[in-house]
1. Across segment 52-74, what is the total count of residues that are of a type in the set (G, A, S) and touching a residue at least 24 places away in the same chain (Cβ under 8 Å)?
2. Given the structure, is I80 within 30 Å of G18 (Cα to Cα) and either modelled with pLDDT of 95 or more or aromatic (F, W, Y) (or both)?
3. In segment 322-356, what residues are over 15 Å from L289 (Cβ atoms), in a helix (DSSP H, G or I) and either touching a Phe, Trp or Tyr at 6+ places or on another chain (Cβ under 7 Å) or aliphatic (A, V, I, L, M) (or both)?
4. If I filter segment 298-321 down to residues being at pLDDT below 80 and part of a helix (DSSP H, G or I), which single residue comes out as farthest from V145 (Cα to Cα)?
5. Looking at I94 and the list (1) at pLDDT below 95; (2) in a helix (DSSP H, G or I); (3) out of contact with any strand residue (DSSP E or B) (no Cβ under 9 Å at 6 or more places or on another chain), which single condition is not satisfied?
6. Output the residue which, of all residues in segment 7-35 that are assigned to a helix (DSSP H, G or I) and without any contact (Cβ under 8 Å) to a residue 12 or more places away in the chain, is surrounded by the fewest Cβ atoms within 10 Å (Cβ to Cβ).
7. In segment 153-175, which residue that is of a type in the set (D, E, K, R) and closer than 22 Å to Y126 by Cβ is surrounded by the most Cβ atoms within 10 Å (Cβ to Cβ)?
Amino acid sequence: MLDDAACWIGFSRVEGIGPSRTRRLYDTFGSMVRAWQAPESSLVEAGLDAKTARGFVQARGRFDLGAELRRLAEAGVDAICWSEDRYPKLLRHIANPPVVLYVRGELAQEDDLGVAVVGTRVPSAYGRQVAQQLAGELAAKGVTVVSGLARGIDAEAHRAALAAGGRTIAVLGSGLDVIYPREHTGLAREISRRGAVLSDYPLGTKPDAVHFPARNRIVSGLSLGTIVIEAGDTSGALITARFAGEQGRDVFAVPGSIYSKQSAGVHRLIQDGAKLVSGVQDVLDELNLGLVAHQMEMRELLPPEDPVEATLLAALSTEPCHIDDVARSTKLPVSQVSSALTMMELKGLVRRIGSLSYVTA
């Protein structure tokens, strides 16, 4: 029997129908099952051009959704679809998020508080040391470390997070059964036990140069901010930083030697407004993550059952909102809003941005 998850996967495998069109079909038909079964004429009415609709109908007849689900199950891979509540909240809010994430391991609530650590594939001893220190200290503070499993800074960040007993997420530019680079197969296995390895590419997809920029938008999209450690002028880490900026996320840069070509891209980021990092506290303070462990504990102990908290959560989003505007939109006294938001921040339900503005956590 068809279900929405299988049909999301099916649409993601059809050429010519990208994430934006797939979500439009979902909005039009109300379910992916109805969209998958729709006749060609209805698909055209829903916004597909005639050629794409015809191609989809032909592809639909050849694609075995049941076989694809069995293949995922045998590989120990979960598929998380855009319409599901468990889809990562931060990623949902980027432009054109992937409609399906293939996951080995488990995404957790605390991953909503993630920071990306990226950089060159050929780091200096200094770069390795900085990556290990920053990623390890972030993980020890309860922050999930996100990176791309690449050689160099990425791998150092993943290993340091694991060594600190924390969580880490690796985002691939290939299928989860084609680990790249191959020598990181063991590292990927360990990450899946203590975090998650994920991709928006289906099983069997081989690594390709064109996949990695798209992969980088997911790395930054899963993160509140991105730290760049050693990146030359053409480093892929700069692409991740650019995506972070476009997504409205913070960009952090670790300065290096003025004589090092590996730091040229990082220094340009700083000149362009990235926040200079001299230690983990710079990142924690900027992202208001100093109380992560306490927030997660409070979130477990004190779920948002208070009707005032529910009202405030409905009024807030990932865009900063001033406390006066929150009070106006909810028609609650400022004093009540202020005290409730303070408690909600302790629970980890909201975060304070600046002095009097808040966003959902």
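1. 3
2. So I80 passes the test.
3. Selection gives I323, V326, A327, V334, V337, A340, L341, M343, M344.
4. Step by step, filter segment 298-321, then rank; the result is L301.
5. (2)
6. Step by step, filter segment 7-35, then rank; the result is D27.
7. Of all residues in segment 153-175, those of a type in the set (D, E, K, R) come to 154, 156, 159, 167.
Those still in the list that are closer than 22 Å to Y126 by Cβ too: 154, 156, 159.
Working: D154: 31, E156: 25, R159: 20.
My answer is D154.
One line per residue, one yes/no per condition, for (1) touching a Gly at 6+ places or on another chain (Cβ under 9 Å); (2) free of Cβ contacts under 8 Å to residues at least 24 places away in the same chain; (3) crowded, with 16+ Cβ neighbours inside 10 Å:
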site: E309; (1), (2), (3): no, no, yes
site: E319; (1), (2), (3): yes, no, no
site: K331; (1), (2), (3): no, yes, no
site: S355; (1), (2), (3): no, yes, no
site: T360; (1), (2), (3): no, no, yes
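The values are calculated or read from the model by the stated rules, or taken from the named source; none is laboratory data. Quantities reported herein were computed from a predicted structural model and do not represent experimental measurements. Here Cβ is always computed from backbone atoms with ideal geometry, including for glycine, and neighbour counts include all displayed protein chains.
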